[in-house]
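The values are calculated or read from the model by the stated rules, or taken from the named source; none is laboratory data. Predicted model only: the values in this text are computed from it and were never measured. Heads up, the Cβs are rebuilt from the backbone with ideal geometry, glycines too, and the neighbour counts pull from every protein chain shown.
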Amino acid sequence: MRDKTLLNVGGIIAIVIGILSCLTIVGAVIGIPAIIGGIKFRDLSTMNDNEIDNNKDTVLVWSIVFIFVCTVSGVLGIIYYIGMENPNLFSPTTPKKESNDKYDELEKLNKLYKEKVLTKEEFEKEKERILSK
């Protein structure tokens, strides 16, 4: 299930900008479409993934409209749309841990030697084995 927070936030921002724009008669030209699109984004944010996939053109069209009407909502919509097209693009990833296995094994081996669990010969033999990996 995709995270629809971008659509929800984009819709809220568009609605707020639309309401503020409607305070003037001239601003209503921008405000009314912003309110309509904001409501549409909010509706889309409540749909399941299959329904949104069927309406992905709607996401793109309103995102483009928002680029001109209220830029922040447009950018959020475009980011969401790109994420729909490339699902792994924004998925969180954990950085790969660099392999320090040899180092860790050598540390453990040295600790055993210092605690006198291993003899000098056993220590050298195991050290060679680890380093030859």
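Observations on the structure shown:
- If you go through region 44-77 and keep only what is of a type in the set (A, V, I, L, M, F, W, C) and outside any helix (DSSP H, G or I), you end up with 47, 70.
- Within region 27-85, being under 14 Å from residue 13 (Cβ atoms) and basic (Lys, Arg) holds for 40, 42.
- Some residue of region 57-76 being charged (D, E, K, R) and at pLDDT 90 or above: yes
So that you can scan it fast, the table gives a plain yes or no per residue for (1) surrounded by 16 or more Cβ atoms within 10 Å (Cβ to Cβ); (2) among the β-branched types (Val, Ile, Thr); (3) out of contact with any His (no Cβ under 9 Å at 6 or more places or on another chain):
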residue: 43; (1), (2), (3): no, no, yes
residue: 46; (1), (2), (3): no, yes, yes
residue: 57; (1), (2), (3): no, no, yes
residue: 70; (1), (2), (3): yes, no, yes
residue: 103; (1), (2), (3): no, no, yes
residue: 107; (1), (2), (3): no, no, yes
residue: 113; (1), (2), (3): yes, no, yes
residue: 128; (1), (2), (3): no, no, yes
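- The residues of region 85-133 that are closer than 30 Å to residue 53 by Cβ and either modelled with pLDDT of 85 or more or outside any helix (DSSP H, G or I) (or both), listed by number, are 86, 87, 88, 89, 90, 91, 92, 93, 94.
To keep it simple, each residue is scored yes or no on (1) without any contact (Cβ under 8 Å) to a residue 40 or more places away in the chain; (2) in the same structural domain as residue 19 (by TED's automatic domain parsing); (3) within 19 Å of residue 18 (Cα to Cα).
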position	(1), (2), (3)
36	yes, yes, yes
49	no, yes, no
76	no, yes, yes
81	yes, yes, no
110	yes, no, no
117	yes, no, no
124	yes, no, no
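- Within region 1-38, tally of residues that are farther than 23 Å from residue 85 by Cα, out of contact with any Phe, Trp or Tyr (no Cβ under 8 Å at 6 or more places or on another chain), part of a helix (DSSP H, G or I) and aliphatic (A, V, I, L, M): 13
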